[in-house]
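To keep things clear, I will list the structure first and then write my remarks on it.
Rule-based calculations on the coordinates, nothing more; no lab input. Since the model is a prediction, treat every value here as computed from it, not as a measurement. Cβ placement follows ideal geometry from the backbone for every residue including glycine, while neighbour counts extend to all protein chains displayed.
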């Protein structure tokens, strides 16, 4: 039966995240962007909501079950607070969820309980440097050698690479398939480069990474012999990014709406002018449309159905919607939209990334 | 020195065409579209303005000189009246101007004087049937054989093919270049198919055509040994279509503007509502922008400068503008926009063709 | 409750049946009925009348049945509107013009159901639930000077105290199915007229005008850009007399603060159902165009991949992906508006969102389809150009895109129509 | 006259010189000045000051020279604005933020030229035409409660009859170059203040406030989305006293029908020149982004063909062609608005068209450039992301896109600002 009502549990979770986003995240978001650093306390508070433990089964120390739908509801709300904070709080999921999905029993037992403790940065390395990136034509390789795998290549845009203990490295294998390898950051052959400077998500530390003959035991190949279904991981990643894009767009749409109602020019609130009112109406429609596409894709994933089409289209649509809506937010604020003390310009900078981001999030 | 003022001669010509478009063309445009037939008298009156003779040198019976700028001014004004009429009145140019540009002296002396007499339908066959058409990968071939050329292939969207005496057929030659051949419609091997039924330009007769071993004397290859510069012909054709697109767009923009000023809803003219007013303002901007692109490309052609970039961009921009502006015209008229007695829906149908039309016009 | 996109099996089956009809009966006639503008889709009407009649009989009987206190009230949401959405979408996929000739009470039915007395419902709606001959209902609201501005209507209804008849005078235009309802069947039209011009909206009342009423003249069958198989007429009322009890709802003109616009508001509330259904019709046309484009591209060896990045897509591939995304967005907004109806919840905001989005998306998608198919898209040999023309009405009727955006804006900004206009 | 797009050789040469400066002096500092927000573009200022100073000297001397009846009035159009357009475009190509730090009278100069007496012109403008130290002029119009609605300004100027000084009080924001004009050079700011609030626009007057005037306090240097090298400040006037003859134009408050808004209209007329020049600046940023994208694509083996049909283009190729078309459209609209100025013709409609189009086109083009370049477009290593941020102001300042569309609409519809607002 068709329904658009979240469960009570989901609603409570969203409310909890909303409180966090409003009370803890929004107040520091501007400063975190300027200083390119998010206060540890804010990340810890976000972590304590327990999103990841609530998604892991009890046998691995968690207290629930992972659902993409719950994940996207959470992601939207986090990103409504701030995208950089959302990506950092959720970064451990980049390892936790692929392990949960495809890990061998040993890998699960080894790793999953760690996600039920204090926040500790974890990350995955997917994107590669250069103009164009196509995950299906990855340049980083994993070669079997003496009963081990040897990783070679360069990665970019790896969040938290300088502090994460474990990095999940995606690499192309002999057969052309993509495999994932649990790598220790301290291992020989891994070099973390200088922190990247991006237009948006400035609070999040991302780094380039080189892998020069990094040797990995067979036991550290995610999924062991069976490996992973990279396409499915990509679908979850697309949906996650799409949900975050909805959160950013919604933040801007709401802010612009409130601003337009109180900003008086020519004797009336600017929201009473059709040019502004229609821009706000279209923003509202785009946010809702993008969210529904995210929900549908997540629902299909939860049903175990093939969802590549839905995940890709949701990702594409939400990325566009985020750009359009945040751009309209800046326009609504006029001169103030251009000033960094107002959040809309930050949301525009963040939103422009969604068409390019890869492997930065997971639900 | 930069200037946007036509010469006095050009202004007089445009005024003459405007009178024709307003008094002769507009009144019959709806009926011609419904009946799929333009009254001969209207074509004759248009012909008598003398556009083509005025573009041909005296030695060939004309009384002037061809200029692309004059051509685009004329084309816009004709299309403002009606696109199908404009294409039909101007169809002889499809033969006249390529002959003027590249014809051998004999070809010019043979053909050009005919364009200074009464209107007689002439045409060119460029487009080919099927989903996609790329003039640079033409399927119709011209093969040298026994001192003649043999043409084989199929063409589509050939205006006036059933009545034109002479058809200028474009075909790929042995070296891969495109050549043009002056073919007699009555010749063996030429079959004109059933008249095409299109969404727009319904007043204009267009036909498919097959060429099955059509033999052409060497003297009928346009330009003789030297041949033609197909790219340059294409540039003139692009600019012509772009100018016609501007005419259609302008017709719609003006009509919608006048309608919106007199249509009262909620006690005020709908033009006083920002949603409508902004649509009209954007239409005005797009029409002007497209026209300026057409003018620039035409000016470059007249200067003898390389203008492929300008001609292509003008064509692309004007085609988009025509669609956007005519679609906005329909929207402005609301329910009336959907009724065929109002011209805006016809302009929308005509406008949608510009992205696809090939070889239908020449300045 | 939980978020779900699961279409019940029963609805899926009905969808398949509607698609079979669309494919087998409507599509073969689509081109002919477009070219031969005022011909009727006889095959479609004959095929669907018995189905609709029996459906309508069940609905009407249920509507009129006395409440049974022993029967437990059904729990949870219904699927009435979902079934309609799916049907409208499928039939519009077949042919939007033919679909609009569906023999049923249509919008007139909604109005009668919304504000008629039980006795009126029986008297006016029974015809749509019985007999061998199809019947049509229609709604006459728009006038030459009252388009989006419905409160500007000038058609008058004056009570003749002697005969206790209403005397109608005026002009109505853009009546979908008006010819079928008034001239070609024993149908009826719900006509909005004012009983008191000075009272504004409170004076506007709906009247049922039956077929063959003297003084009711179909003056014109419109020739249209698209949906040419659909019957769109103008009707002139020249001292047309109708019985007193053909007025639906309260005959008194009450001040607005006494709920005087209730009847009018009831009519407006039918937009909450009709707008998502118009959106559903738009979606059907959009899907037809998209599927056709995909099919032709595949024949030409061009696939539409979902896992390829921007820099590895062709211009056409990227456009087709965007077409699909736009349609999906419009579909989901429509599904939400429909689902709210089935859950018995208010949906005016969501209905206008769906309508605005679908109207715009489908206009763009079908225009793009014509472009992708090149001159074959522009040729009347294929249906692509027809879909472009058929689609265009969706951003116009049942409230233009502008009107629907205005409604969305008012709701999200919490503005009255006086504050934002 | 005949239609012509020929840029005179002299202007082409100046363009090349400006491009050399843009490339050699501005570009190398562009990233640093973006990151180190409130640093000044010292290299650029030092390099361009002597050039501008000498230009300004020639202009000022000509402006103030007594008319020579024997000298024949120059025939035909000038090229003053075309030269400015070309220069602004090229310098903005170099760095839009640095360009805005150009040491000259800027908008203050336009106002003084438009309504100042010859004596005022000499007194206030001479500084921009002499000396080793660069000077800046600025315009202070916008206030926290008066953005697009310029007539809502609240800053007051009260005449102290004893000292015959104007006493200014109020807050001005978004003053481009205000810090450079007031604190870092012997510059000046033209401040709009009202001498009579009840008189509306007729009460609004421009006052020249010189650097280091007591009571004039730069309260804030804004931190911005883009054009970070540009100096944008807020200024507070706290009983700032300025001499009586620092008021430009007529000190009397005249009713509107006596031409009382002439001063204000004079200021508005400067928009006719400033809007196309802002558009020119936008075009420079857009061209920078487009050229960079092309360069990177060519390095990656991707060409941008002009003779290939839709179905043979990649998504990126089609996007780049559209970027180029949009920029060209904006360029030509701007060129037209500029050319009208040089021909001494009214251009308010064309100026607003150019501004609206350029602001929107360049916003889109630069956002697209970032997308095409992928994560490298998003990275601060290259300038693409900076151009996206720099471009964004162009649809906001000198009238937002909405304000300019409104002006276009009024003019094409022949509506007053009361009829269409």
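Chain A versus the axis that turns it onto chain B: the residue with the nearest Cβ and the distance in whole Å amount to A:274, 2.
Comparing C:177, C:226, C:301 in a Gaussian network model of chain C where C-alpha atoms under 10 Å apart are linked, the largest mean-square fluctuation is found at C:301.
Return one number: the angle in degrees, 0 to 90 and rounded to the nearest 10, between the long axis of the Cα atoms of helix C:42-64 and the longest principal axis of the Cα atoms of chain C. That helix lies at roughly 50 degrees to the long axis.
As a calculated quantity, the FRET efficiency between residue C:27 and residue C:312 at R0 = 41 Å, using C-beta atoms, amounts to about 0.70. Averaging over all projection directions, the Cα-based convex hull of chain B occupies 18.1 nm² in the image plane. For peptide B:348-358, the mean count of partner chain Cβ atoms within 10 Å of a residue's Cβ comes to 5.
Cα convex hull of the stretch C:9-129: how many Å³ per residue?
Numbers: hull volume 14.0 nm³, N = 121.
It comes to 116 Å³ per residue, whole-number rounded.
Let me know the shape class of the stretch C:263-413, please: from the alpha-carbon gyration tensor, a ≥ b ≥ c as square roots of the eigenvalues, rounded when a/c is under 1.5, otherwise prolate if a/b is greater than b/c, or oblate. Intermediate results must be reported in sequence, preceding the final value.
Values: a/c = 2.67, a/b = 1.92, b/c = 1.39.
It comes out prolate by the Cα gyration axes.
The distance linking the stretch A:217-235 with the stretch A:315-363 is 33 Å (Cα centroid to Cα centroid, whole angstrom).
Here, P(r) means the percent of Cα pairs in each 5 Å bin from 0 to the largest distance; for the stretch B:8-116 it is 2, 12, 23, 22, 17, 13, 7, 3, 0. Sorted ascending by nearby beta carbons within 10 Å, beginning with the fewest, C:62, C:360, B:88 become C:62, C:360, B:88. When chain C is treated as a Gaussian network with alpha carbon springs shorter than 10 Å, the biggest mean-square fluctuation among C:325, C:369, C:30 belongs to C:325.
Starting from the Cα gyration tensor of the protein assembly as shown, take the square roots of the eigenvalues, sort them a ≥ b ≥ c, and report rounded, prolate or oblate (rounded when a/c is under 1.5, otherwise prolate if a/b is larger than b/c, else oblate). It is rounded, given that a/c, with a ≥ b ≥ c, falls under 1.5.
You can think of it this way: the chain between residue D:68 and residue D:245 has 60.9 nm of extra reach, that is 0.36 nm per residue less the Cα-Cα gap. Computed from the Kirkwood radius of its Cα pairs, the Stokes-Einstein diffusion coefficient for the stretch D:137-254 at 10 °C and 1.306 mPa s stands at 111 µm²/s. Label-to-label distance for residue B:16 and residue A:303 is 6.9 nm, based on points extended 7 Å past Cα in the beta-carbon direction.
When Rg is the radius of gyration of the Cα atoms in the stretch B:185-304 and Rh is its Kirkwood radius, what does Rg/Rh come to?
Numbers: Rg = 22.5 Å, Rh = 18.9 Å.
The Rg/Rh ratio comes out at 1.19.
Sorted from shortest to longest, the distances between the residue B:229 label points of this copy and the other copies are 5.9 nm, with each point 7 Å from Cα along the line through the beta carbon. When shorter helices are ignored and each DSSP H run of at least 4 residues is given -39500 (n - 2.57), the per-residue value for chain A at 222 nm works out to -15000 deg cm²/dmol. Using only Cα atoms, find the angle between the long axis of helix C:262-299 and the longest principal axis of chain C, and express it within 0 to 90 degrees, rounded to the nearest 10. Helix C:262-299 and the main axis of chain C meet at about 20 degrees.
GNM on chain C, alpha-carbon springs under 10 angstrom: the most fluctuating residue among C:276, C:69, C:144 is C:69. Note on chain C: Kirkwood radius taken over Cα pairs, Stokes-Einstein applied at 20 °C and 1.002 mPa s, translational D equal to 95 µm² s⁻¹. Of the residues D:419, C:210, the one with the fewest other Cβ atoms within 10 Å heads the list, and the complete ranking is D:419, C:210. If a paramagnetic tag sat 7 Å from the Cα of residue A:8 along the Cα-Cβ line, which residues of the stretch C:1-17 would have the backbone N under 17 Å from that point? In the stretch C:1-17, the label zone of residue A:8 (backbone N under 17 Å from the point 7 Å along Cα→Cβ) covers C:1-3.
Restricting to bridges with both residues inside the stretch C:103-212, how much of the DSSP beta-bridge set is antiparallel, in percent to the nearest 5? Please list the in-between numbers first.
Working: 13 of 18 bridges.
For the stretch C:103-212, the DSSP antiparallel bridge percentage is about 70.
Here is how far apart the residue A:303 label points are across copies: 6.1 nm, shortest first, using a point 7 Å from Cα toward Cβ. Here the spin labels are modelled as points 7 Å beyond Cα on the Cα-Cβ line, and at residue C:199 and residue C:300 they lie 6.1 nm apart.
Counts of other chain beta carbons within 10 angstrom of each beta carbon in peptide D:389-401 average 3. Tilt of helix C:401-413 relative to the longest C-alpha principal axis of chain C, in degrees (0 to 90, nearest 10)? Tilt of helix C:401-413: around 80 degrees.
Copy-to-copy label distances for residue C:152, where each label lies 7 Å from Cα along Cα-to-Cβ, are 3.0 nm in order of increasing length.
For the stretch B:172-195, no residue has its backbone nitrogen under 15 Å from a point 7 Å from the Cα of residue B:225, taken along Cα to Cβ. Express the Stokes-Einstein translational diffusion coefficient of the stretch B:122-226 in µm² s⁻¹, to the nearest whole number, given a Kirkwood radius over alpha-carbon pairs, 25 °C and a viscosity of 0.890 mPa s. Approximately 178 µm²/s, per Stokes-Einstein.
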